[in-house]
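K.L.:
Can you keep this structure in mind? I'll have questions shortly.
The values are calculated or read from the model by the stated rules, or taken from the named source; none is laboratory data. Since the model is a prediction, treat every value here as computed from it, not as a measurement. With ideal geometry, Cβ positions are generated from the backbone for all residues, glycine too; neighbour counts draw on all protein chains shown. Surface accessibility is based on the protein's heavy atoms, side chains included, excluding ligands, DNA and RNA. Shrake-Rupley method; radii C 1.70, N 1.55, O 1.52, S 1.80 Å.
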Amino acid sequence: MADCLNACEHSNVLVVAPSRDGHHAGARPIWLEYVLDDEAISDVLAWVNAGGPGIADPPATLELYTFTPPRQRRAVDRR
């Protein structure tokens with residue numbers, strides 16, 4: 001848990017980091033916002049238990065919660 005992930009305009013931010021195997025497969029951390037209800041939390045937990053980023057595809061519902069974190073967004077804007 002952290003007090004701030006520099007994404008203050010978003011609510012209930014979760015960052016799902018890949019496992020070592022997921023990282024070796026090329027996965028990057030996935031940022032999720034507005035994870036407020038039990039169904040969304042269950043989807044995140046099921047995905048993580050299945051292997052998470054780089055190992056298991058996220059449930060389609062999690063696409064609704066995915067966003068680009070501020071630091072990555074600034075890097076894209078500078079190109």
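K.L.:
How big is the charge dipole of the chain about its Cα centre, in debye rounded to the nearest 20, if each Lys and Arg gets +1 on its Cβ and each Asp and Glu gets -1 on its Cβ? Display every interim value, and only then the final one.
P.N.:
Working: 7 positive and 11 negative charges, 138 e Å.
The dipole magnitude comes to about 660 debye.
K.L.:
So for the pair Asp57, His23, with labels modelled 7 Å out along Cα→Cβ, what separation do we get in nm?
P.N.:
About 2.6 nm separates the two model spin labels.
K.L.:
Go through region 1-48 and name the chymotrypsin sites (Phe, Trp or Tyr not before Pro) that are in a DSSP coil and have 15 or fewer other Cβ atoms within 10 Å of their Cβ.
P.N.:
Numbers: sites: Trp31, Tyr34, Trp47; in loops: Tyr34.
The qualifying sites are Tyr34.
K.L.:
Asp38 to Glu9: extension gain in nm, 0.36 nm per residue of separation minus the Cα-Cα distance?
P.N.:
Result: 8.3 nm gained on full extension.
K.L.:
Quick check on region 25-70: what are the equivalent-ellipsoid semi-axes from the Cα gyration tensor, as sqrt(5λ), descending, whole Å?
P.N.:
Values: eigenvalues 55, 41, 11 Å².
Sorted largest first and rounded, they come to 17, 14, 7 Å.
K.L.:
Normalised by the number of residues in the chain, what is the relative contact order in percent for Cα pairs under 8 Å and 6+ residues apart?
P.N.:
Working: 94 pairs, mean separation 24.8, N = 79.
Taking the mean separation of contacting Cα pairs over the length of the chain, I get 31 percent.
K.L.:
Could you please state how large a percent of the accessible area of the chain is carbon and sulfur, counting protein chains only and using a 1.4 Å probe?
P.N.:
Numbers: 2960 of 5810 Å².
Looking at the chain in its full context, I get 51 percent from C and S.
K.L.:
Averaged over all directions, how much area does the convex hull of the C-alpha atoms of the chain cover when projected, in nm²? Don't skip to the end; give the middle numbers.
P.N.:
Values: hull surface 23.5 nm².
Reported value for the Cα convex hull: 5.9 nm².
K.L.:
While we're on this one: Please compute the per residue accessible area over the chain with all protein chains in place, 1.4 Å probe, rounded to a whole number of Å². Each step should come with its number before you reach the end.
P.N.:
On the way: 5810 Å² over 79 residues.
Accessible surface, normalised per residue, equals 74 Å².
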